[in-house]
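Okay, so here's the structure we're looking at.
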Amino acid sequence: LAEIAVPTLVLAGGQDQVVPPESSRLVAEGIPGARFELDPDCGHTVRSSFRGYDTLVEDFLAEGE
């Protein structure tokens, strides 16, 4: 993970029973400069149920070069 050298956004659902949110947080912590976002009410289907997903991802992408 430490070799990843691109902006990275890691999203996690607080109710995810497949990938525990703490595991996603550890992934983000292992990537230099990664941003971690947690939706406490979201499950595993982050793309379809993460609150504010579209805006969050669009804003993250707009920060890039």
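The values are calculated or read from the model by the stated rules, or taken from the named source; none is laboratory data. A quick note: this is a predicted structure, and the numbers were derived from the prediction, not measured. So basically every Cβ, Gly included, is an ideal-geometry build from the backbone, and we count neighbours across all protein chains shown. Heavy atoms of the whole protein, side chains included, go into the accessibility calculation; ligands, DNA and RNA do not. Shrake-Rupley method; radii C 1.70, N 1.55, O 1.52, S 1.80 Å.
Compute from the Cα atoms of the chain the Rg and the Dmax, the latter being the longest Cα-Cα distance, and quote both in angstrom.
Looking at the chain, its Cα Rg and Dmax stand at 11.8, 35 Å.
Residues of segment 38-65 with backbone nitrogen within less than 18 Å of a virtual label 7 Å along the Cα-to-Cβ line of VAL6, please, listed as ranges.
Backbone N within reach: 57-65.
Would you tally the net charge around ARG51, using a Cβ to Cβ cut-off of less than 13 Å, leaving ARG51 out, and scoring K and R as +1, D and E as -1? Could the numbers behind the result be given before it?
Working: positive: ARG47; negative: GLU37, ASP39, ASP41, ASP54.
Local net charge: -3.
Just the number please: accessible area per residue for the chain, 1.4 Å probe, all protein chains included, in Å².
70 Å²
Apply the Karplus parameterisation 6.51 cos²θ - 1.76 cosθ + 1.60, with θ equal to phi minus 60°, to every residue of segment 17-26 and state each ³J(HN,Hα) to the nearest whole Hz, in sequence, with x for glycine and proline.
With coefficients 6.51, -1.76 and 1.60, one gets 9, 9, 10, x, x, 5, 5, 5, 4, 5 Hz.
So, with a 1.4 angstrom probe, what is the percent of accessible area on the chain that is carbon and sulfur?
Values: 2370 of 4550 Å².
Result for the chain: 52 percent of the exposed heavy-atom area is carbon or sulfur.
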